[in-house]
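One structure is given here, and the rest of the page talks about it.
The values are calculated or read from the model by the stated rules, or taken from the named source; none is laboratory data. Just so it is clear, the model here is predicted, and its values are computed rather than measured. Methodologically, a virtual Cβ is constructed for each residue, glycine included, from the backbone with ideal geometry; neighbour enumeration extends over all protein chains shown. Ligands, DNA and RNA are stripped out before the accessible areas are found, and what is left, the full protein with its side chains, is counted by its heavy atoms. Shrake-Rupley method; radii C 1.70, N 1.55, O 1.52, S 1.80 Å.
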Amino acid sequence: MQESTVVIVGGGPSGLAISALLTQNSISHVILEKEECNASLWRKNAYDRLNLHLASEFCSLPLMPHPPSGPTYLTKDQFIEYIDEYVDHFDIKPHYYRVVESAKYDEARNKWVVEAKNTLEGTLEVYGAKFLVIASGENSEGFIPNVSGLGKFEGEVVHSKYYKSGSKYKYKDVLVVGCGNSGMEIAYDLHNWGANTSIVIRNPLHVFTRDMIHTGMRLVQYFPVYIADTIITFLAKLKYGDLSEYGIYRPKDGPLYLKNITGKSAVIDVGTIEKIKEGAIKVVPSGIKKIEKKNVIFENGMEKEFDGIVFATGYKSVANEWLKDYKYALNEKGFPKNPFPKHWKGDHGLYCAGLARKGLFGVKKDAEAIAEDINQTLKLEN
């Protein structure tokens, strides 16, 4: 058994951030990462035109802020460059090709026992640690809803996790299911590549420019959430007007309030709304009832043939599959069982980072809280 004080499962931004902070406090730890690289979601599963929607001041990891002279909004490549610098600076060395198969708490020895398969060598490795951090991310596995007839659909089906660009969909009829940030941006990208694009929008949603959200996040540092919400919603109404005639309705509650309560983000518009207003991107205000060959039948009775369907329907956490004692920190769906802001702390030295649906800003806060808690616990014991 390989012993260390902390085992971190996942080499994404959460795992890297905690590693940097533990290193600063000289706490021994190991990162187990299933892929061959760190931040694999960013490197391998982000679509080509992705830019960070939040200003860089809200997208840094602990101990290494972005320079004020740098760009306000980072591209995907700029963020990956930042991650590379971060890993070099703090000399972070994850164990790659390690797929964690089980982690359970050994009450007799007061420690976590983690079994990981080394997929490069085909061997099983066992790690022991006083603390275990789940940093495998909320976006670990794409979720596609169970739609009648989907398995026999004669076109192409792809989850947004594996969507790169709309280049191969020129002149094709494509349906996007899901109207969060990924769905709206993919619809825009498909249209730009010449696809005949439709998007399913069933639920109310807030739409803003990224500068409006930036304003809101700055305001909320000095004023109550409802004041920030009122101001940016007013700005959005001035810019976009009433979108209900296009099938888009605003929720009753404000965007920052909803983000805090439900974890659901407002849509940051990249140009999609203008295309919807022009009729270039069609809104379908109804869910899918069933699929027959290439024909998609909607719940409102509408039918249309499509060559492809992109599911931007979110992700599921897979931590519960390997974490045998998940009940110490997670609920049945693999998300924190404890309410925000103590969501990151479980029992018996179990922690979860980056699962609060707060983006990179939440990743930084979680990492700082977890590293500090581990540090204080060890100091008390010594």
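Of everything listed in (1) among the aromatic types (Phe, Trp, Tyr); (2) touching an Asp or Glu at 6+ places or on another chain (Cβ under 9 Å); (3) buried (at least 20 other Cβ atoms within 10 Å of the Cβ); (4) within 21 Å of Ala367 (Cα to Cα), the single unmet condition for Tyr163 is (4). Checked against the criterion of being under 24 Å from the mean Cα position of the chain (by Cα) and not in a helix (DSSP H, G or I), the stretch 181-194 has no qualifying residue. Counting the residues of the stretch 309-332 that are touching a strand residue (DSSP E or B) at 6+ places or on another chain (Cβ under 7 Å) and either without any contact (Cβ under 8 Å) to a residue 24 or more places away in the chain or not in a loop (DSSP other than H, G, I, E, B) (or both) gives 11.
Taking only the stretch 112-148 into account, find how many residues are among the charged types (D, E, K, R) and touching a residue at least 40 places away in the same chain (Cβ under 8 Å).
4
Pairs are defined by a Cβ separation below 7 Å, a sequence spacing of at least 6 or placement on different chains, a first member in the stretch 264-291 that is more than 13 Å from Ala187 (Cα to Cα) and hydroxyl-bearing (Ser, Thr, Tyr), and a second member that is assigned to a loop (DSSP other than H, G, I, E, B) and open to solvent by 30 Å² or more (accessible area, probe 1.4 Å); the pairs so defined are Ser286/Arg202; Ser286/Glu299; Ser286/Asn300; Ser286/Met302. Only residues that are surrounded by fewer than 19 Cβ atoms within 10 Å (Cβ to Cβ) and either in contact (Cβ under 8 Å) with a residue 60 or more places away in the chain or assigned to a loop (DSSP other than H, G, I, E, B) (or both) were counted in the stretch 61-82, giving 9. The number of residues in the stretch 138-164 that are small (Gly, Ala, Ser), in contact with a Ser or Thr (Cβ under 7 Å, 6 or more places away or on another chain) and assigned to a loop (DSSP other than H, G, I, E, B) comes to 1. Summed over the stretch 249-292, the residues that are of a type in the set (Asp, Glu) and in a helix (DSSP H, G or I) give a count of 2.
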